[in-house]
Amino acid sequence: MGASSGMGLEVARRLLGDGWHVALAARRTEPMEKLKEEFPLLVDGVRAIDVTQGDAPQQLLRLIEELGGMDLYFHSSGIGRQNMELDASTEEQTMMTNAVGFTRLIDTAFNYFAGHGGGHIAAITSIAGTKGLGAAPAYSATKSLQGTYLQALEQQARMRRLDIRITDIRPGFVDTPLLGDGRRYPMLIKPEKAARQIMDAVYRQRHVRIIDGRYRVLVALWRLIPNWAWRKMGIRN
């Protein structure tokens, strides 16, 4: 889900390169159709799905049917913008995509695996969920929600004795269209490098993986900062 650009597209390409049969979904189908031309024998479905729409779960289930079943659900759909002015439409759109849409599709995949003997859910969240970022309130809040939600589902799977594995992938700044706002971002990671580390985390069935090592150090330092000090800092994402 979210295979039309950025990390989603690169992860899809790596899965196909490893011989997986893959179904692709995103709002825009053109980039996915091009990927299908590269791997005509392995791309078993391409579908336009907008996670903010109420029919997204039904669309996903139809795509799974076209694929002939599912072992791995990879969720890369998300948006994020700096919003110091607190423009309401920006905050609401972020909430609809990263919170409501995320929950709809992750739940659909979880319930599918619950009824089909298990499977693996991997989702791209963000290090932005570590602390509240004043420059992007809805983005950091929804990324925190995503990480907590995945953790809760891991616990629920264990409580229900379901063979469902979950991998929470938390990148730092990745050079994707999501950051195409003209700002300069530190420690940028190329999507290809991020995808390699993401797939390593998926294959190893890691619970949480921060991408990459520099950001693991940064997040560890963020967590040490007390709230009174964090409030005085000017962190921008």
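The values are calculated or read from the model by the stated rules, or taken from the named source; none is laboratory data. Please read these numbers as outputs of a predicted model, since none were measured by experiment. Backbone-built Cβ (ideal geometry, glycine too); neighbour counts: all protein chains shown. Each accessible area value is taken on the protein alone, full model and side chains, heavy atoms only, with ligands, DNA and RNA left out. Shrake-Rupley method; radii C 1.70, N 1.55, O 1.52, S 1.80 Å.
Name the residues in the stretch 187-197 that are assigned to a loop (DSSP other than H, G, I, E, B), free of Cβ contacts under 8 Å to residues at least 24 places away in the same chain and either surrounded by 15 or more Cβ atoms within 10 Å (Cβ to Cβ) or among the aliphatic types (A, V, I, L, M) (or both), would you? The one that is assigned to a loop (DSSP other than H, G, I, E, B), free of Cβ contacts under 8 Å to residues at least 24 places away in the same chain and either surrounded by 15 or more Cβ atoms within 10 Å (Cβ to Cβ) or among the aliphatic types (A, V, I, L, M) (or both): Leu188. Scanning the stretch 138-167 for residues that are in contact with a helix residue (DSSP H, G or I) (Cβ under 7 Å, 6 or more places away or on another chain), farther than 20 Å from Met7 by Cα and part of a helix (DSSP H, G or I) turns up Ala138, Leu145, Tyr149, Leu153. Only one of the numbered conditions (1) part of a helix (DSSP H, G or I); (2) within 22 Å of Tyr203 (Cβ to Cβ); (3) of a type in the set (Asp, Glu) is not met by Glu37, and that is (2).
Every residue, every condition in (1) open to solvent by 30 Å² or more (accessible area, probe 1.4 Å); (2) of a type in the set (A, V, I, L, M), yes or no:
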{"site": "Ala3", "(1), (2)": "no, yes"}
{"site": "Arg13", "(1), (2)": "yes, no"}
{"site": "Asp55", "(1), (2)": "yes, no"}
{"site": "Asn98", "(1), (2)": "no, no"}
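Of the residues making up the stretch 73-91, those that are under 23 Å from Ala25 (Cβ atoms) and either in contact with a strand residue (DSSP E or B) (Cβ under 9 Å, 6 or more places away or on another chain) or open to solvent by 20 Å² or more (accessible area, probe 1.4 Å) (or both) number 8. If you go through the stretch 214-227 and pick out every residue that is in a helix (DSSP H, G or I), open to solvent by 30 Å² or more (accessible area, probe 1.4 Å) and out of contact with any Ser or Thr (no Cβ under 7 Å at 6 or more places or on another chain), you end up with 8.
If only residues of the stretch 198-212 that are of a type outside the set (A, V, I, L, M, F, W, C) and at pLDDT 95 or above are counted, the one that is least open to solvent (accessible area, probe 1.4 Å) is Arg209. Among the residues making up the stretch 140-152, those that are open to solvent by less than 30 Å² (accessible area, probe 1.4 Å) and out of contact with any strand residue (DSSP E or B) (no Cβ under 6 Å at 6 or more places or on another chain) are Ser140, Thr142, Lys143, Gln146.
Counting just the residues of the stretch 57-72 that are open to solvent by less than 50 Å² (accessible area, probe 1.4 Å) and not in a helix (DSSP H, G or I), which one comes out nearest to Val11 (Cα to Cα)? Across the stretch 57-72, the extreme among qualifying residues is Leu72. You will find that of Arg165, Arg184, the residue that is over 13 Å from the mean Cα position of the chain (by Cα) and at pLDDT 95 or above is Arg165 and no other. A residue that is in a helix (DSSP H, G or I) and at pLDDT below 95 cannot be found anywhere in the stretch 80-89.
Can Val51 be described as part of a loop (DSSP other than H, G, I, E, B) and in contact (Cβ under 8 Å) with a residue 40 or more places away in the chain? For Val51, the condition - part of a loop (DSSP other than H, G, I, E, B) and in contact (Cβ under 8 Å) with a residue 40 or more places away in the chain - is met.
The residue that is nearest to Leu60 (Cα to Cα), counting only those in the stretch 100-123 that are open to solvent by less than 10 Å² (accessible area, probe 1.4 Å) and within 13 Å of the chain's Cα centre (by Cα), is Leu105.
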